[in-house]
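The values are calculated or read from the model by the stated rules, or taken from the named source; none is laboratory data. The structure displayed is predicted, hence computed values, not measured ones. Quick reminder, even Gly has a Cβ in these numbers, built from the backbone with ideal geometry, and neighbours come from all protein chains shown.
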Amino acid sequence: MDIGWTGVQDRRLKELEAPADELDRRFSSLQDRERSFQSLDKKLVKQHRRRLTEFREIHLRPGFCRLETRLIEVLGKKGFVQVATPIIMSKGHLSKMTITKGHPLFDQIYWLDHNKCLRPMLAPHLYFVLKDFLRIWDKPIRVFEVGPCFRKESQGARHSNEFTMLNLVEMGLPAEERNERIAELAAVIVDTAKVGDYRLKAERSEVYGDTIDIVANEGDVELGSAAMGPHPLDRAWKITDNWVGIGFGIERLLMVAKKSHNLHKMGRSLSYLDGHRLNI
């Protein structure tokens, strides 16, 4: 006989982050499979308990919170000002981003009523405050925000309905320096997150059109996306300056840095803490 794990066993072992070679094991009998499952499950549970004890005694805060703190500190040292804008967003602000009925992103939005929603992105509110900063401060202006966003995403391992975004914008730099500046800022974030090797890749976005994606070489995971202006979207906000901006998914950065394949383990969860299963 050539027997693999049952569906229930396979799901359980994946939840406990069993190594790939263990997931691919074959057995000569049902009894052999059951004995092996019990032994492996016990071993993996013990590992998770040890990691949770280590979390309680050493780390104290989830990994994505610790990463947020490191990124905030690094960006502050680079001259970026942190802003904190509302999680609730108006339909009018989304329409200025051309996100109206018929746009692919419109149906992914969590609407609270006919005019307000949970923000699906940080950009509209950053546009809103930047137009005031341009009036108040000298250039270049460097700002960033980090916070939760919400979309009705497809429920794959790399997507989540609630995720944490980091958006950073530098406005008022020479046009000829924009591409180089995107590369510099991408390196700051990726190096701080300890992601490893990555590349910049030209792409198309549903909102910004031409973009530059930051893609991890391992797993080909999109970590973030960059754009630059002047851009057609700027007109709605009465912005005319040169700018560069990048948006990163905090959980995606952490997922790649931890060599995980499941975004849900990395963020806010009732089932995981710091990437470790609680139902053990």
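The set of residues in segment 118-138 being in contact with a Leu (Cβ under 8 Å, 6 or more places away or on another chain) and surrounded by fewer than 19 Cβ atoms within 10 Å (Cβ to Cβ) consists of Leu118 alone.
Of everything listed in (1) modelled with pLDDT under 95; (2) within 16 Å of Met255 (Cβ to Cβ), the single unmet condition for Gly229 is (2). Looking at the structure I just gave you, is Gly63 in contact (Cβ under 8 Å) with a residue 12 or more places away in the chain and touching a Lys or Arg at 6+ places or on another chain (Cβ under 6 Å)? Criteria not met by Gly63. Entry remark, segment 171-186: residues being closer than 16 Å to Gly224 by Cα and either assigned to a strand (DSSP E or B) or under 17 Å from the mean Cα position of the chain (by Cα) (or both) number 2 in total. Looking at segment 194-239 only, could you name the residues that are touching a helix residue (DSSP H, G or I) at 6+ places or on another chain (Cβ under 6 Å) and among the small types (Gly, Ala, Ser)? Hits for segment 194-239 are Ala216, Ala226. The set of residues in segment 29-51 that are of a type in the set (A, V, I, L, M, F, W, C) and more than 32 Å from the chain's Cα centre (by Cα) comprises Leu30, Phe37.
Quick grid of which residues meet (1) in the same structural domain as Leu166 (by TED's automatic domain parsing); (2) touching a Lys or Arg at 6+ places or on another chain (Cβ under 7 Å); (3) under 19 Å from Leu166 (Cβ atoms); (4) touching a residue at least 60 places away in the same chain (Cβ under 8 Å):
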{"site": "Ser205", "(1), (2), (3), (4)": "yes, no, yes, no"}
{"site": "Asp220", "(1), (2), (3), (4)": "yes, no, no, no"}
{"site": "Gly249", "(1), (2), (3), (4)": "yes, no, yes, yes"}
{"site": "Val256", "(1), (2), (3), (4)": "yes, no, yes, yes"}
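Being without any contact (Cβ under 8 Å) to a residue 40 or more places away in the chain, under 16 Å from Met171 (Cα atoms) and not charged (D, E, K, R) is the filter here, so list the residues in segment 181-196 that pass it. Result: Ala183, single match. The set of residues from segment 81-104 being in a loop (DSSP other than H, G, I, E, B) and of a type in the set (S, T, N, Q) comprises Thr85, Thr98, Thr100. Determine whether segment 144-158 contains at least one residue that is surrounded by fewer than 20 Cβ atoms within 10 Å (Cβ to Cβ), closer than 25 Å to Pro230 by Cβ and among the polar types (S, T, N, Q). No: zero hits. For segment 145-165, the count of residues that are over 23 Å from Leu67 (Cα atoms), assigned to a loop (DSSP other than H, G, I, E, B) and in contact with an Asp or Glu (Cβ under 9 Å, 6 or more places away or on another chain) is at least one. Each residue in segment 47-65 was checked for being surrounded by 14 or more Cβ atoms within 10 Å (Cβ to Cβ) and of a type in the set (Lys, Arg), and 1 pass. Within segment 1-31, if we keep just the residues that are in contact with a Leu (Cβ under 9 Å, 6 or more places away or on another chain) and hydrophobic (A, V, I, L, M, F, W, C), the residue that is surrounded by the most Cβ atoms within 10 Å (Cβ to Cβ) turns out to be Trp5.
I'd like to know if segment 64-72 contains one or more residues that are modelled with pLDDT under 95, assigned to a helix (DSSP H, G or I) and either more than 27 Å from Ser271 (Cβ to Cβ) or touching a Gly at 6+ places or on another chain (Cβ under 9 Å) (or both). Scanning segment 64-72 turns up at least one residue that is modelled with pLDDT under 95, assigned to a helix (DSSP H, G or I) and either more than 27 Å from Ser271 (Cβ to Cβ) or touching a Gly at 6+ places or on another chain (Cβ under 9 Å) (or both).
Taking Glu177, is it assigned by TED's automatic domain parsing to the domain that holds Leu118, farther than 30 Å from Lys265 by Cα and free of Cβ contacts under 8 Å to residues at least 60 places away in the same chain? Judged against the criteria, Glu177 is a match.
Of the residues contained in segment 30-52, none is found to be in a loop (DSSP other than H, G, I, E, B) and under 20 Å from Met266 (Cβ atoms). Considering Ile88, Ile72, which residue is surrounded by 13 or more Cβ atoms within 10 Å (Cβ to Cβ), assigned by TED's automatic domain parsing to the domain that holds Val190, touching a residue at least 24 places away in the same chain (Cβ under 8 Å) and of a type outside the set (Asp, Glu)? Testing whether each residue is surrounded by 13 or more Cβ atoms within 10 Å (Cβ to Cβ), assigned by TED's automatic domain parsing to the domain that holds Val190, touching a residue at least 24 places away in the same chain (Cβ under 8 Å) and of a type outside the set (Asp, Glu) leaves just Ile72.
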